[in-house]
Each structure stands twice: as structure tokens, then as C-alpha cells.
Amino acid sequence: MTKRPTVLALAATAILSLGPGFGLVRAALGTVAAAGPQSAPAAAPGAAELAAELAANLASLRAQFARPTSIPYPGAMPPTPEQVALGARLFHDPRLSANGEFSCASCHDPELAFTDGVTRGMGIAKALLPRHTPTLWNLAWNETLFWDGRAPSLEAQAQGPMENPKEMGQAIGAGVAKLRADPAMLAAFAAAFPDRPDVSPTHVLTALADYERTLVSPPTRFDAFIAGDDTALTPSERNGFALFTGRGRCSTCHSGWAFTDRAFHDIGLPTDDKGRGTVIGLPAVNYAFKTPTLRELSWTAPYMHDGSLASLEDVVSHYNHGGVDRPSRSPDLPVNLALTGQEVSDLVAFLETLSSARPPKPDAGLGFSGVPVAVAAPVTVSQVTQKNKAFSPTSVRVTTGETLRIVNDDTRPHNVRVFDPRLEFNSGLQEPGETATITFGSSGTFEVFCGIHPSMKLSVTVE
Ligand code: HEC
Ligand code: HEC
């Protein structure tokens, strides 16, 4: 197979292509010193404290929110440009639906940051779907897909909407048969999969997933600020960032450059949908949904898994009041946030800096790192900890028959799991302070993860 030996720099160039208002904002603000709280005309009470807090934490925040330099991919070889191009064509191809009218893009419209602009969309059956259509930006880093994380990969996810009678309503095999009758498609599949040039369900799913992995939202004014330009954000936006990472506790869950921990939380929305709780059978995570990316939010309203909040003001107001108090509500949510009107505006202003001036186009210039995610060298220990949603260490060595202790020294519950034909393990709900023990009876490498925070991964080498 022809493969591209690329290492791609995602960040640098696009920072220069910001929206038209950008230069004006910068010119108006001048340097940080000049734009400090003293020069902001109607500085609200607390604004000076927020500015000072941001200044004190800036270096650490710049490290935490820095953009990645490459896109990860599963498997040994990165997707080729031909595979990505085929995936883009298939994404827009209505032949993958029963009536020839629905493509993936019917609901995931690139002009609306791959959403559909409605509370809940409709597919071929003209019936409302149970949940709001999520954006497809920045999914390459996800361990699980869908609001409740029920799909384990982009490849596995893509078959769902095709075969769902409410969405595209057609067995993938029937779609494949239609594509096979088209000489242009035969050529595109041959270019994408030269070793085995067949139009197969697997190739359809692989190409769609490869295309979706390239959907990385471009840098915005926020990234210019993170890259070191102090004047790229207004004082109000900077105060919003200070609230987001400070008193608002937003970044506890909306962490990192894509503003998501890719984990599941109940944020107290009034809903009957049990979300992650149903998928992993744990009532403690009822009403919990995957933290969405906050990139390109300006184009993705309405918000939340049920599309129940119409605007960013509504979202911030929800967090300000804390929502429905029930046992599953996340301990990571701020209690009695009591934001002032000015602070609500600051937070909304900050959230808006995460969007491009226009709905961004997928950029075929982006690519993949040449090196799949590396696993750290294993450490010989008999106990692992789980603080701050991370196993420590992340790679361990034990001997056959030995018991590994996994200690929850975190402030939140976890759910330790191993899905392996040689060893099935499910700790059930593991509250803070509780220890899960796993005995490894056979040699080999095992992957341990958390069912609530799937980015937590532990590799166990049994010798
Ligand atoms: C009829 C509208 C509709 C169509 C057509 C559709 N989707 Fe979706 N898509 C949705 C909805 C609604 C969800 C959320 C469902 C859930 O989480 O339970 C979703 C979720 C997803 C997700 C998960 C995103 C995340 O954050 O985890 C991906 C990926 C996705 N769709 C890709 C596709 C692809 C690829 C196609 C075409 C094969 C497609 N969709 C067709 C409506 C649609
Ligand atoms: C406990 C984790 C957690 C905290 C803390 C948190 N969020 Fe969220 N956020 C989520 C989850 C989970 C969702 C999706 C919830 C759903 O749909 O049921 C979400 C959804 C959102 C959305 C809607 C995005 C979309 O595409 O629909 C916005 C905007 C948002 N949060 C902003 C914030 C802000 C601002 C704060 C701080 C005031 C904050 N979040 C604090 C976990 C969290």
C-alpha cells in the first residue's frame, strides 16, 4: 500500500488566517499593560482580581491549552490522502441511504460545524431522533463515540446511522452494492486501497473514519493568545478565561486544547435520558453524557445532548444555577457559582473566542503523525493510583498470578474495567477511597481503562 510518511504541523500557519475583526481588536488593545483593568472603562468589581489570577497562572495555562502538533490514528500506518478523499466523498454520498436522499452531511452540515441547527434532527423516517446532532470536530482523540459513548471507534460508529431505520435506513451491504455499480467509485476505492481494491463495508467504514479524523478545528484568536500574544483577547475575554479555569471550574471537565476530558458527567440537566448509566449499567452515572468539545460553538447551537439550551447565555445560566440536584450529579460541578451579570458576559465572550469567524472548511492539508501513540515502558509495581482522572503509573509489569491493587485516591468515582477474552474485569462503581484488585492469571499484555473516564488507560504486562 502506498503510504504517506508525514508529520504534520497543525497549528502554526492557520493562526495567520484569522477573521477580519482580528487585526482591529489587536490594534484597539495595544499591549497588555495598556489594556489592563485600569484602562477598561467600566471595570466590574472583581475584574482586577480575575486579571491578576490569570497573570499568575498564565504560563501553566499556556502549557495546558496548547494545540497538538499531529493527529493520532489507530493501527500501524497513517491513513493515505486517497483514503481521506474517499471518506469525504462517501460522507456526502446519499447512496448510503435507503431513499437516496440522506448523506452523513444531511445532519452533519459542514456549514454548521457538522451539526444541523435544530434541537433534534430527523432522518429518512421523518421522526425526531432521540438526541441532538453533535459536532464532528476534534473526534480523532475520542476513546468512545456518541453522547453516551456506546461506540468504541469511529469505524464502528459509522455503521450505526446508515443502518438506523430513523436515520439512513439501509443495510451497509445495500449501500456498498450501489457504489459498486459506479465506475468512478470503483476507481476511488482502488486508489484508496490498492492492495485489496474492493468496495467493501470495511473499506467504506475505514474511509469515513479516516476522513473524520482529519476534522481538526483550526486555530482561533484564543490560540493566538495561548501561543503568546497577550493582546489577542480583550480584557473581558481574558477575565472569562480566568473564570473558566478558576472559580467556574469549567476546565475540570472542559480540559485541554479541545476543551474536553472525553469523559461522562451528569451536569444536572432535566432529562429522562440515562445516557452513560444505561450503557455501563451504573446508576451512579445516570444522566451522564460525554463532555463535548467547545470549539466552533458559535455554529453549533442549540446546545447539550438534547439540544435544550438555545444560546451560550442559557448554558452559562444553567451552570450558574447548578441544575437538578440528584445523586448522579457530578461532584466536579461548581456549587453556588453566583456569577454576576458581568461575569456571565465575560464567560460567554471567552467561549466565543473558541470559534472561527466563519464556519471553517475541512482542511485537506492536515495529516497524521508518523508515530502511533507510544506506551510508556512498564514499571514493576503492585499498586496503581487514580488521582485527577489518571492512572499512575500508566504502564506496569506484574508476574503471572499476582494481584494488582488499583487505589482510588481521586475525588470522583471510577469504574475499572478490562475487556479481554482472557480476562473480563468490571469493578462496578469504585468510590473515592476504594481499592479494586485484579489478579492476572495468564501472561500477556492487558489494557485496563475506566468506564466513566475512558481516557484513563493502564497497560499491564504480565510475565
Ligand atoms: C439523520 C441525522 C443523522 C445522519 C444522517 C447521520 N448522523 Fe451522525 N449523529 C446524529 C445524531 C443525532 C448523533 C448523536 C446520537 C447519540 O449520541 O446517541 C450522531 C452522532 C454521530 C457521531 C458521534 C459524535 C460524538 O461526539 O461522539 C459521529 C462520529 C457521527 N454521528 C458520524 C456520522 C456519519 C459518519 C454519518 C454517515 C454515515 C452520520 N453520522 C449520519 C445524526 C445523524
Ligand atoms: C462536571 C463536568 C463539567 C463541568 C464542571 C462543566 N461542564 Fe460544560 N459540559 C459537560 C458535559 C458532560 C456537557 C454535555 C452535557 C449534556 O449534554 O448532557 C457539557 C456541555 C457544555 C456546553 C454545550 C456544548 C455543546 O456543544 O452542546 C457548554 C457551552 C459548556 N458545557 C460550557 C461549560 C462552562 C462555561 C462551564 C463552567 C461554568 C462548564 N461547561 C462546566 C461537562 C462539564
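The values are calculated or read from the model by the stated rules, or taken from the named source; none is laboratory data. Computed from a predicted model, the values in this text were never measured in an experiment. Using ideal geometry, Cβ is built from the backbone for each residue, glycine included, and neighbour counts are taken over all protein chains shown.
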In segment 297-320, which residues are part of a helix (DSSP H, G or I) and free of Cβ contacts under 8 Å to residues at least 12 places away in the same chain?
Asp314
Return the residues of segment 221-234 that are buried (at least 22 other Cβ atoms within 10 Å of the Cβ) and either closer than 19 Å to Ser345 by Cβ or of a type outside the set (Val, Ile, Thr) (or both); say none if nothing qualifies.
Arg221, Phe222, Asp223, Ala232, Leu233
Could you give me the residue pairs with C-beta distances under 8 Å whose first residue belongs to segment 128-155 and is free of Cβ contacts under 8 Å to residues at least 12 places away in the same chain, whose second residue is assigned to a loop (DSSP other than H, G, I, E, B) and near ligand 1 (Cβ under 6 Å from one of its atoms) wherever it lies, and which are 6+ apart or on separate chains?
Leu128/Gly121
Here are some residues: Gly100, Gly121. Which one is touching a helix residue (DSSP H, G or I) at 6+ places or on another chain (Cβ under 6 Å), within 10 Å of ligand 1 (Cβ to nearest atom) and not aliphatic (A, V, I, L, M)?
Gly121
Kindly indicate whether any position in segment 93-115 is touching a Cys at 6+ places or on another chain (Cβ under 9 Å) and free of Cβ contacts under 8 Å to residues at least 24 places away in the same chain.
no
May I ask you to list pairs of residues, at least six apart or on different chains, whose Cβ atoms are under 6 Å apart, with the first in segment 228-242 being assigned by TED's automatic domain parsing to the domain that holds Val316 and the second being small (Gly, Ala, Ser)?
Ala232/Ala224; Pro235/Ala35; Pro235/Ala40; Ser236/Ala349; Glu237/Ala349; Asn239/Ala47; Gly240/Ala349
Within segment 278-302, of all residues that are surrounded by 24 or more Cβ atoms within 10 Å (Cβ to Cβ) and among the β-branched types (Val, Ile, Thr), the one nearest to Val216 (Cα to Cα) is Thr293
Do you know which of the residues in segment 318-341 that are surrounded by fewer than 16 Cβ atoms within 10 Å (Cβ to Cβ) and among the polar types (S, T, N, Q) is farthest from Gly248 (Cα to Cα)?
Thr340
Residue hits (segment 64-122; part of a strand (DSSP E or B), surrounded by fewer than 21 Cβ atoms within 10 Å (Cβ to Cβ) and within 16 Å of ligand 2 (Cβ to nearest atom)) are Asp109
Can you go through Pro130, Pro165 and tell me which one is within 15 Å of ligand 2 (Cβ to nearest atom) and surrounded by fewer than 15 Cβ atoms within 10 Å (Cβ to Cβ)?
Pro130
Please specify each residue of segment 242-301 satisfying the condition of being touching a Pro at 6+ places or on another chain (Cβ under 7 Å), of a type in the set (Phe, Trp, Tyr) and near ligand 2 (Cβ under 6 Å from one of its atoms).
none
So if I check each of Thr278, Thr245, which one is among the polar types (S, T, N, Q) and either within 16 Å of ligand 1 (Cβ to nearest atom) or over 28 Å from Ala390 (Cα atoms) (or both)?
Thr278
Restricting to segment 130-167, give me the number of residues that are near ligand 1 (Cβ under 7 Å from one of its atoms), within 20 Å of Ala88 (Cβ to Cβ) and not hydroxyl-bearing (Ser, Thr, Tyr).
11
For Val176, work out the one condition from (1) at pLDDT 95 or above; (2) of a type in the set (Val, Ile, Thr); (3) under 25 Å from Thr202 (Cβ atoms); (4) within 9 Å of ligand 1 (Cβ to nearest atom) it doesn't fulfil.
(4)
Consider Leu269 against the criteria (1) surrounded by 20 or more Cβ atoms within 10 Å (Cβ to Cβ); (2) of a type in the set (A, V, I, L, M); (3) in a loop (DSSP other than H, G, I, E, B): it satisfies all of them except one. Which criterion is unmet?
(1)
Tell me whether segment 417-430 contains one or more residues that are closer than 30 Å to Val216 by Cβ and surrounded by 13 or more Cβ atoms within 10 Å (Cβ to Cβ).
yes
Can you run down the residue pairs with Cβ atoms below 9 Å, 6 or more apart or on separate chains, where the first is in segment 48-68 and in contact (Cβ under 8 Å) with a residue 60 or more places away in the chain and the partner is exposed (fewer than 14 other Cβ atoms within 10 Å of the Cβ)?
Arg62/Gly228
Selection from segment 305-317 of residues that are in contact with a strand residue (DSSP E or B) (Cβ under 6 Å, 6 or more places away or on another chain) and closer than 18 Å to Gly248 by Cα:
Val315
Can you name the residue in segment 243-294 that is in contact with a Lys or Arg (Cβ under 9 Å, 6 or more places away or on another chain) and of a type in the set (D, E, K, R) and, of all such residues, is nearest to Leu429 (Cα to Cα)?
Arg276
Among the residues that make up segment 9-24, is at least one of them modelled with pLDDT under 50, under 28 Å from Phe193 (Cβ atoms) and out of contact with any Asp or Glu (no Cβ under 7 Å at 6 or more places or on another chain)?
yes
For segment 138-153, enumerate the residues that are aliphatic (A, V, I, L, M) and closer than 19 Å to Arg295 by Cα.
Leu139, Ala140, Leu145
